[in-house]
């Protein structure tokens, strides 16, 4: 199975998992799920799960520590980068700017446009700092997040995987917590 097909499959499985009772069953055809759309949806799904696992409250932080929303956006964009990086081998190139806009609106839909722009800009700045950092702890962090994201895709799409995708969310939540702590201490 190609990586793009894995993303589409995982997206379809997640959509099916969260559909409401009585709603139309999603398509069984992987071709109906574009890999980049799948990646964008999965980033939101993974980020929501990570926030839950980290026991964070974006609603409270909106009031008490607004900059933390930019950390969540940076985390989501790191996840997006790791979800879409393997697609280059299939000549599928992501549009990170477009995805960032969709992700910020999905994660923080209750914010007004000015706040969304602020979170997007803050998240983009933090993402660039993390992506370009050469310190060993940031290199290790990026590698750990990359492994966790790829493992999640495999676990969610491979029946013979050693673990379930749900088993990985505590680790991904811990990685989000580490990122939050790094920016809280600055």
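The values are calculated or read from the model by the stated rules, or taken from the named source; none is laboratory data. A quick note: this is a predicted structure, and the numbers were derived from the prediction, not measured. Backbone-built Cβ (ideal geometry, glycine too); neighbour counts: all protein chains shown.
Under the condition of being within 18 Å of the chain's Cα centre (by Cα) and exposed (fewer than 15 other Cβ atoms within 10 Å of the Cβ), which residue from the range 141-173 is farthest from residue 68 (Cα to Cα)? Taking the candidates together, the pick is 164. Number of residues in the range 61-91 that are more than 11 Å from residue 180 (Cβ to Cβ), at pLDDT below 95 and outside any helix (DSSP H, G or I) equals 1.
If you go through the range 106-135 and keep only what is in a helix (DSSP H, G or I), touching a residue at least 24 places away in the same chain (Cβ under 8 Å) and in contact with a helix residue (DSSP H, G or I) (Cβ under 7 Å, 6 or more places away or on another chain), you end up with 106, 107, 119, 120, 122, 123, 124, 126, 127, 130.
Residue-wise test of (1) over 18 Å from the mean Cα position of the chain (by Cα); (2) closer than 13 Å to residue 41 by Cα.
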{"residue": "56", "(1), (2)": "no, no"}
{"residue": "68", "(1), (2)": "no, no"}
{"residue": "77", "(1), (2)": "no, yes"}
{"residue": "83", "(1), (2)": "no, yes"}
{"residue": "86", "(1), (2)": "no, no"}
{"residue": "91", "(1), (2)": "yes, no"}
{"residue": "99", "(1), (2)": "no, yes"}
{"residue": "108", "(1), (2)": "no, no"}
{"residue": "112", "(1), (2)": "yes, no"}
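Only one entry of 50, 38, 54 meets the criterion of being closer than 21 Å to residue 158 by Cβ and touching a helix residue (DSSP H, G or I) at 6+ places or on another chain (Cβ under 8 Å), and that entry is 38. Considering only residues of the range 74-105 that are over 22 Å from residue 147 (Cβ atoms) and touching a residue at least 40 places away in the same chain (Cβ under 8 Å), which is surrounded by the most Cβ atoms within 10 Å (Cβ to Cβ)? It comes out as 102.
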